[in-house]
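What follows is a set of notes on a single structure, which appears directly below.
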């Protein structure tokens, strides 16, 4: 996101505690800060893109207080920063996990939100706070309910997990759940395109948008794609407690209805299977394993 904004000639200030990741764009101003405990004031603030969170759904069921501080307290303090800085627009990066296991698939924005993980619950709280600040303090705000975002420098998720496991042991692959979980994946650059388009075209006070793909893939299919890119044929080892979930709080089936966002002229550039393949190649290139 920072890279694209810099390319567009924007004056970018990046706030990060660098607790996970170390990437820095030297053309952006960097402020090292822990937003759990500090609320800075930013001069000439126009738009805040709030991506800070602990994105690991699995650990949210175990380290609840840690996730609450990073997913809820940081969001509150970011909104306070926006208010104090007289910022005109806030984009809150939420998650499809706010829906839980939805009764309608593809799932529209009007679906009742019943998260089944603490991560989903905390993202829902973030949306509620974002809407409240928009309504109370007059700032334009958008909540983005994301499908699985991968590719580029993304450092977590199923592709990273599979590649890391196969580099350790090319002869077998541990798969969490029964492998039949089916989810939608979007390439990171398509997400950025969607955000910038909404920043340009959305004229309301507050709204929530699904950001995902038109199709979905199973975990088993993801494994085959990653193995194909790496040239491996490992044995699959399933870790399943009988629920089919990869872990407590894992949503087994997720496909978002993205017609609302499409109404603004946005489209995904590739399907979910292509996204997985591209993300795998990005990761291997970043880790220096192969020449892509």
Take the conditions assigned to a loop (DSSP other than H, G, I, E, B) and surrounded by 16 or more Cβ atoms within 10 Å (Cβ to Cβ) and apply them to residue 5. Does it pass?
no
Is there a residue in the range 58-66 that is within 18 Å of residue 14 (Cα to Cα), out of contact with any helix residue (DSSP H, G or I) (no Cβ under 9 Å at 6 or more places or on another chain), assigned to a helix (DSSP H, G or I) and modelled with pLDDT of 95 or more?
no
Out of all the residues in the range 224-233, which are within 15 Å of residue 174 (Cβ to Cβ) and over 26 Å from the mean Cα position of the chain (by Cα)?
232
Candidate set from the range 234-264 (those that are farther than 14 Å from residue 213 by Cα and surrounded by fewer than 13 Cβ atoms within 10 Å (Cβ to Cβ)); member that is farthest from the chain's Cα centre (by Cα):
235
Residues satisfying the stated conditions in the range 11-39, i.e. in contact with a helix residue (DSSP H, G or I) (Cβ under 8 Å, 6 or more places away or on another chain), surrounded by 14 or more Cβ atoms within 10 Å (Cβ to Cβ) and either modelled with pLDDT under 95 or closer than 17 Å to residue 77 by Cα (or both)
14, 35, 36, 39
Provide a single number: the residues in the range 58-70 that are surrounded by fewer than 23 Cβ atoms within 10 Å (Cβ to Cβ) and within 12 Å of residue 117 (Cβ to Cβ).
5
Residue check: is residue 116 in contact (Cβ under 8 Å) with a residue 60 or more places away in the chain, more than 19 Å from residue 198 (Cα to Cα) and either outside any helix (DSSP H, G or I) or within 17 Å of the chain's Cα centre (by Cα) (or both)?
yes
Residue pairs within 9 Å by beta carbon, gap of at least six or interchain, first lying in the range 219-237 and under 20 Å from residue 255 (Cβ atoms), second at pLDDT below 95 and surrounded by 16 or more Cβ atoms within 10 Å (Cβ to Cβ), listed first then second, are 219/246
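Here is a yes/no grid of residues against (1) crowded, with 22+ Cβ neighbours inside 10 Å; (2) out of contact with any strand residue (DSSP E or B) (no Cβ under 7 Å at 6 or more places or on another chain); (3) free of Cβ contacts under 8 Å to residues at least 24 places away in the same chain; (4) more than 17 Å from residue 45 (Cβ to Cβ):
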position	(1), (2), (3), (4)
72	no, yes, no, yes
82	yes, no, no, no
88	no, no, no, no
97	yes, yes, no, yes
109	no, no, no, yes
121	yes, yes, yes, yes
130	yes, no, no, no
Hits in the range 145-203 (condition: within 21 Å of residue 218 (Cα to Cα), without any contact (Cβ under 8 Å) to a residue 12 or more places away in the chain and loosely packed, with under 14 Cβ neighbours inside 10 Å):
164
For the range 257-271, how many residues are touching a residue at least 12 places away in the same chain (Cβ under 8 Å), outside any loop (DSSP other than H, G, I, E, B) and out of contact with any helix residue (DSSP H, G or I) (no Cβ under 9 Å at 6 or more places or on another chain)?
2
If we ask which residues in the range 224-254 are touching a strand residue (DSSP E or B) at 6+ places or on another chain (Cβ under 6 Å) and closer than 20 Å to residue 273 by Cβ, their number turns out to be 5
Every residue in the range 132-144 that is outside any loop (DSSP other than H, G, I, E, B), buried (at least 17 other Cβ atoms within 10 Å of the Cβ) and either free of Cβ contacts under 8 Å to residues at least 40 places away in the same chain or touching a helix residue (DSSP H, G or I) at 6+ places or on another chain (Cβ under 8 Å) (or both), please.
133, 140, 141, 142, 143, 144
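The values are calculated or read from the model by the stated rules, or taken from the named source; none is laboratory data. Source: prediction; values computed, not measured. Note that each Cβ is placed from the backbone with ideal geometry, even for glycine, and that neighbours are counted across all protein chains shown.
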